[in-house]
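Inspection log for the structure reproduced underneath, given as structure tokens.
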Amino acid sequence: MRRFGLALASALGILAAVLVGNALRPAPALPAVASIAPRPLDRQALAERLARAIRIETVSRGDAGCGGGGPAEGRDAPPAAAALAALHDQLARDFPRLHAALERETVAGGSLLFRWPGSDPALAPILLMAHLDVVPVEPGTEARWTHPPFSGAIDGEFVWGRGTLDDKVSVLGLAEATELLLREGFAPQRTVYLAFGHDEEIGGKFGAKAIAATLAARGVRLAYTLDEGMGIVMRGLVPGLDRDVALVGLAEKGYLSVELAASAVGGHSSTPPRDAAVYRLSRALARVEQRPQPEAIRGPVAAMFDALAPHGSFPIRLALRNRWLFDPAIRAMLRREPAQAALLHTTTAPTCLRAGVKDNVLPSRATAVLNHRVLPGDRIDDVVARVHAAVADPQVELRVIEGREASPSADPASESYAALASTIREVFPDILVAPALVLGGTDSKHYVDVAEQSFRFVPLRLSPEDLKRIHGTDERVAITNYLDVVRFFARLIENGAS
């Protein structure tokens, strides 16, 4: 027993040494980057140009997947043609150099594609994108806004209104950066495309999809694309880190909506059967909830942890640097918050539930839509099979409404990622840069076949309260933050196109 005890103590000592040694291992050396002085910008003029764009109501609307319909039934509606034309005209008035120097074409009736020819055609182009449309304001919430949602109000600190965060801030930011560079006499070596889709909020299936198809037909192969999707997470929001973190999306989750439908004999509500359609559907939903999709830390999420680990407090560093041992504890910690838990697995959310036509009539059919955001590495067929196995009821039908696999992941070891990270560190010298996974969807998904790499990042510093404003009430952007967006895009074009 004594020998066994000594052997055990020795093994534990070795294990402890390995764990601590991994935790204390220095972070990989990053290329030296010199911070740059902020470009002087006309704060009021930039705010006013953004506000003018906000006042044009380019609203996309849609209820695809609910009401017994789906995307194929054409329930999605991009912005009105008149609103899009008004925004196009406003951009032309506010950015005359851009429109004089770059080739411009309207794609699919509402999207804009600009081409800034480079001097070296051997260099693969880059494409920077944003979208012109915005989501509707929830009916009945207008009075809760500090300023009317399409007022473009400027109070000296913020510009208010729908689109100030998602995503006219990027449209105007890119336009301002291009106008600035043209005024300074900059000429790119590498061709630069600016792509402004007009229907991202309903999937980009008319705008971005058509732009990507146009480029493919012309044989264009992009070095990389940059879109919205991630931003700067403020210090204190990432456990164990006391610095702001710029999260660059390498991939986005896939999308899958399935309908569950239970049927039964209808009739009078005074004699309800035990197998009523609503009860049968409810039991199926409960079984799906009890059997969530499997968890895994992999791909962009694993890359994010690897990048952040050297900079965390010791307990966090110990766990992240030794995931082979602490993986269950890490996953348990992430499960505490829905936004963190969504990094681990394909999520399942019941959204549209429908049954019945009158309060005293038993419905003969009850349906529910389950919306899944598919983790990279999972496949739609496997997700559907797991839902089917969880339902385990031959009298509950399952129908796929819409499905799109998760996007391929960009390479965090690529030259393009390194150049993007270096630009972020030039403009924001005090922040960390790390890869990440985008939980929602962006227009980037449409460019998979024409781009070597696709990244998702806009340098907006967002607090938890700011995140609630996206698609919510009181959307606004700090003017100082917006100026940094313009400076970042200008520097990115300088670095990426020269």
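Whole-Hz ³J(HN,Hα) for each residue in the range 376-388, computed from phi via Karplus 6.51 cos²θ - 1.76 cosθ + 1.60 with θ = phi - 60°, x for glycine and proline: what do you get?
3J(HN,Hα) across the range 376-388, in whole Hz: x, x, 7, 10, 4, 4, 5, 4, 4, 4, 5, 5, 4.
Using only the Cα atoms of the chain, what do you get for the radius of gyration and for Dmax, in Å?
For the chain, the Cα radius of gyration and maximum Cα-Cα distance read 25.3, 86 Å.
Mind giving me the nanometre distance, one decimal, between the label points for Asp449 and Ser151, set 7 Å out from Cα along Cα→Cβ?
4.7 nm
Treat the range 205-317 as a sphere of radius equal to its Kirkwood radius over Cα pairs and apply Stokes-Einstein at 25 °C in a medium of 0.890 mPa s; give the translational diffusion coefficient in µm²/s, rounded to a whole number.
122 µm²/s
What order, most packed first, do the peptides 448-458, 34-44 have when packing is the mean number of other Cβ atoms within 10 Å of each residue?
Packing order, densest peptide first, comes out as 448-458, 34-44.
Could you sort His88, His147 by accessible area so the largest value comes first, with the probe set to 1.4 Å?
His147, His88
At Lys468 and Ala286, where each label point lies 7 Å from the Cα along Cα→Cβ, what is the point-to-point distance in nanometres?
Here the modelled spin labels are 3.3 nm apart.
Once phi is turned into θ = phi - 60°, what whole-Hz ³J(HN,Hα) does the Karplus curve with 6.51, -1.76 and 1.60 give for every residue of the range 108-114, x standing for Gly and Pro?
6, x, x, 8, 10, 10, 10
Can you compute the FRET efficiency between Arg61 and Ala122 using 1/(1 + (r/R0)^6), with r the Cβ-Cβ distance and R0 = 45 Å? Round to the nearest 0.05.
0.55
Find how much the distance from Glu142 to Glu337 grows on full extension, using 0.36 nm per residue of separation minus their present alpha carbon separation; answer in nm with one decimal.
67.3 nm
Hey, which of these cross-link pairs are over 31 Å Cα-Cα: Lys253/Lys468; Lys209/Lys358; Lys168/Lys253?
In this structure, Lys209/Lys358 exceed 31 Å between Cα atoms.
So, in Å, what gap is there between the alpha-carbon centers of the range 391-429 and the range 135-213?
22 Å
Using a 7 Å offset from the Cα along the Cα-to-Cβ direction at both Glu105 and Trp324, what is the distance between the two label points in nm, to one decimal?
Taking the simple label geometry, Glu105 and Trp324 are separated by 5.3 nm.
Relative to the present Cα-Cα distance, how much length would full extension add between Thr480 and Arg221 at 0.36 nm per residue of separation?
Gain in length upon complete extension: 89.7 nm.
At a Förster radius of 56 Å, what calculated FRET efficiency corresponds to the Cβ-Cβ distance of Phe186 and Ala392, to the nearest 0.05?
The pair Phe186/Ala392 has a calculated efficiency of 0.35.
If you take the beta carbon distance between Ala37 and Ala349 as r and set R0 to 56 Å, what does 1/(1 + (r/R0)^6) give as a FRET efficiency, to the nearest 0.05?
After rounding, the FRET efficiency stands at 0.75.
Amide H of Gly267 versus every other amide H placed in the peptide plane: which residues, excluding those fewer than 5 positions away on the same chain, fall under 5 Å?
Under 5 Å from the amide H of Gly267 lie the amide H atoms of Leu362, each far enough along the sequence or on another chain.
Report the one residue of Ala366, Ile380, Val477 whose Cα lies farthest in the direction of the positive end of the charge dipole of the range 345-498 (charges on C-beta: Lys and Arg +1, Asp and Glu -1; origin at the Cα centre).
Of the options given, the answer is Ala366.
Within the chain, what percent of beta bridges assigned by DSSP are antiparallel, to the nearest 5?
Percentage antiparallel, nearest 5: 65.
What's the magnitude of the charge dipole for the chain around its Cα centre, counting Lys and Arg as +1 and Asp and Glu as -1 at the beta-carbon? Answer in Debye, nearest 20.
For this selection, approximately 1420 debye.
For the chain, what is the calculated [θ] at 222 nm in deg cm²/dmol (nearest 500), taking -39500 (n - 2.57) for each run of four or more DSSP H residues and dividing by its residue count?
The per-residue figure over the chain is -11000 deg cm²/dmol.
How large is ³J(HN,Hα) for each residue in the range 38-50, as worked out from phi by the Karplus curve 6.51 cos²θ - 1.76 cosθ + 1.60 (θ = phi - 60°), to whole Hz, x for Gly and Pro?
Karplus values, whole Hz, x for Gly and Pro: x, 5, x, 9, 7, 3, 5, 5, 5, 4, 5, 5, 4.
The values are calculated or read from the model by the stated rules, or taken from the named source; none is laboratory data. Just so it is clear, the model here is predicted, and its values are computed rather than measured. For neighbour counting, all protein chains shown are included, and Cβ atoms are generated from backbone atoms with ideal geometry for every residue, glycine included. Please note that ligands, DNA and RNA were not included when accessible areas were found on the heavy atoms of the full protein model with its side chains. Shrake-Rupley method; radii C 1.70, N 1.55, O 1.52, S 1.80 Å.
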